[in-house]
1. For the structure I just gave you, tell me whether Asp41 is of a type in the set (D, E, K, R) and either buried (at least 19 other Cβ atoms within 10 Å of the Cβ) or within 16 Å of the ligand (Cβ to nearest atom) (or both).
2. Just checking, does the range 122-136 include any residue being in a loop (DSSP other than H, G, I, E, B), modelled with pLDDT of 95 or more and either within 16 Å of the ligand (Cβ to nearest atom) or buried (at least 17 other Cβ atoms within 10 Å of the Cβ) (or both)?
3. Can you tell me how many residues in the range 56-101 are over 18 Å from His178 (Cα atoms) and either crowded, with 23+ Cβ neighbours inside 10 Å or within 14 Å of the ligand (Cβ to nearest atom) (or both)?
4. Taking the condition in contact (Cβ under 8 Å) with a residue 24 or more places away in the chain and not in a strand (DSSP E or B), does Gly97 pass?
5. Thr38 fails exactly one of the following numbered conditions: (1) touching a Cys at 6+ places or on another chain (Cβ under 6 Å); (2) over 20 Å from Trp122 (Cβ atoms). What is the number of that condition?
6. Need the failing condition index for Met104 against (1) within 16 Å of the ligand (Cβ to nearest atom); (2) over 23 Å from Leu177 (Cβ atoms); (3) assigned to a helix (DSSP H, G or I), just the number.
7. Looking only at the range 1-52, which residues are over 27 Å from Ser80 (Cα atoms) and either among the β-branched types (Val, Ile, Thr) or in a strand (DSSP E or B) (or both)?
Amino acid sequence: MEKVISGIMRFKSSSFEERKQLFADLATGQSPEVLFITCSDSRIDPNMVTQTEPGDLFIIRNAGNIVPPHAKQAGGVTASIEFAVAALGVKHIVVCGHTDCGAMKGALNPAGLDGLPHVQEWLDHSRAAVDIVRAKHGQATVNELGEVTEQNVLLQMQHLRTHPAVASPLSTGEADLHGWVYDIEHGTVNAYCEEKKAFIPAEERYASLIADANSQSDLKTA
Ligand SMILES: [Zn+2]
């Protein structure tokens, strides 16, 4: 804990001072462009991975980057999604899974979650992802962890579409969904490609977007 406490002191005298104008701008409001849904895993730093600043990402985190399907009863995830989309007007929603995910290992082996009844119940929201992989390979073990992680991202994107706050801006093209898997060991991100029906390197998936951004910055510097 000492590391965390001394960090607060260092933050004020270093990072905060360096970004004083940014924090002054953020002091009275936020307008993030992206809702970022990822796992609670301590090894993921959404701002570091995307090289973004405070104010850029509205973040929801939980075990397994899960989005329960829309239901009458509100939960924290549902309320946060509604606020991000309907009140803040985010334009993009990213569901980001990751390699070596403990929640996905748990989903693969629910029997091993004895003594963790809430985790067990929560991971039931990922059961269809495990079932899809099992149907394809005749088994779903830790060897299929990568595939289950990808299927879980797709499943949670499907769940997102059941939320009225998301369904309507999606239908008009005002919002977009993205499915990612972050590789902790290699520092890379694979993104789901609708055309290829597969996860491919993010630089390939977003090649045209990157090219557009580059040509715009060329124009600015010309
Ligand atoms: Zn995880």
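1. Working: of a type in the set (D, E, K, R): yes; either buried (at least 19 other Cβ atoms within 10 Å of the Cβ) or within 16 Å of the ligand (Cβ to nearest atom) (or both): yes.
The answer is yes for Asp41.
2. First, pick out the residues of the range 122-136 that are in a loop (DSSP other than H, G, I, E, B): none.
No, that holds for no residue.
3. 3
4. Working: in contact (Cβ under 8 Å) with a residue 24 or more places away in the chain: yes; not in a strand (DSSP E or B): no.
Considered against the rule, which asks whether it is in contact (Cβ under 8 Å) with a residue 24 or more places away in the chain and not in a strand (DSSP E or B), Gly97 comes out as no.
5. Status for Thr38: all satisfied but (2).
6. (2)
7. Ile5
The values are calculated or read from the model by the stated rules, or taken from the named source; none is laboratory data. Keep in mind that this is a model prediction, so the values were computed, not measured. Quick reminder, even Gly has a Cβ in these numbers, built from the backbone with ideal geometry, and neighbours come from all protein chains shown.
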